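The values are calculated or read from the model by the stated rules, or taken from the named source; none is laboratory data. Computed from a predicted model, the values in this text were never measured in an experiment. Every residue, glycine among them, receives a Cβ derived from its backbone with ideal geometry; neighbour counts consider all protein chains shown.
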Amino acid sequence: MSEFRRTTPDDLYFVTLTIVGWIDVFSRQSVKDILVENLEYGIKHEKLEVFCFVIMSNHLHLICRRRENDLKEFIGRYKSVTAKKILAAIKSDIRESRKEWMLREFRHFATKNRQYGEYHVWQYTDHPTLLYDNEIIDQKRDYIHFNPVKAGIVTDPADYLYSSACPDSPLDVLEL
């Protein structure tokens with residue numbers, strides 16, 4: 001069975017994007033900012049609407065939808081563009097002590113599927129899950145917002161900057 005699932009324009013989805021091998025790539029603010037900047041591009045130019053998000057050390061959760069177009073198509077481009085930018089950021093950061101190890105791991109994961117070229121950054125799957133009622137939406141929103149609490153990073157979801165729970169979040173989101 002194919003992993004590709006089409007999404008319906010204007011429907012709301014819970015999406016998880018994960019780095020291969022659960023490598024902690026998003027431990028640096030500059031790399032998290034790559035994700036934010038590209039989500040902002042999607043919002044401004046791709047009819048993406050983001051209602052909830054969190055960027056953890058090795059994955060990203062979203063509640064989002066795409067007006068008039070398939071969300072999966074945007075996700076594919078988003079992963080491709082951000083992978084290139086993430087790799088460039090890792091290669092150019094002289095402070096990144098894990099550079100050689102991360103690049104070796106990304107090369108290793110690319111050998112399993114030649115479609116990725118030299119490096120493979122994002123896991124192939126993203127499993128957009130249709131959110132069809134308010135109870136499910138609330139459950140996924142709470143799951144997203146409490147992810148940094150569960151990970152022991154903060155004690156209050158509002159204290160984690162890279163989350164829609166934070167009033168000072170770098171990404172403006174829509175109200176659910």
message: Just to be sure I understand, how many residues within region 1-20 are at pLDDT 95 or above and either in a helix (DSSP H, G or I) or loosely packed, with under 13 Cβ neighbours inside 10 Å (or both)?
response: 1
statement: Taking region 119-136 and keeping only residues that are out of contact with any strand residue (DSSP E or B) (no Cβ under 7 Å at 6 or more places or on another chain) and either within 26 Å of R66 (Cβ to Cβ) or exposed (fewer than 11 other Cβ atoms within 10 Å of the Cβ) (or both), one is left with H120, Y124, T125, Y132, D133, N134, E135, I136
- request: Hey, can you tell me all the residues within region 1-29 that are under 12 Å from Y162 (Cα atoms) and more than 13 Å from the chain's Cα centre (by Cα)?
  value: S27, R28, Q29
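Listed here are the residues, each with its yes/no results for (1) crowded, with 17+ Cβ neighbours inside 10 Å; (2) more than 11 Å from the chain's Cα centre (by Cα); (3) not in a strand (DSSP E or B).
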site	(1), (2), (3)
V31	yes, yes, yes
Y41	no, yes, yes
R65	yes, yes, no
E68	no, yes, yes
R77	no, yes, yes
query: Restricting attention to region 158-176, which residues are in contact with a helix residue (DSSP H, G or I) (Cβ under 8 Å, 6 or more places away or on another chain) and among the polar types (S, T, N, Q)?
result: S163, S164
query: Regarding K91, is this residue surrounded by fewer than 13 Cβ atoms within 10 Å (Cβ to Cβ) and modelled with pLDDT of 90 or more?
result: yes
- request: Output the qualifying pairs, or none if there are none: Cβ atoms under 7 angstrom, residues six or more apart or on different chains, first residue in region 148-176 and under 19 Å from I137 (Cβ atoms), second residue of a type in the set (F, W, Y) and in a helix (DSSP H, G or I).
  value: P157/F146
- prompt: Counting only residues that are touching a His at 6+ places or on another chain (Cβ under 8 Å) and of a type in the set (S, T, N, Q), which one in region 137-176 is surrounded by the most Cβ atoms within 10 Å (Cβ to Cβ)?
  reply: S163
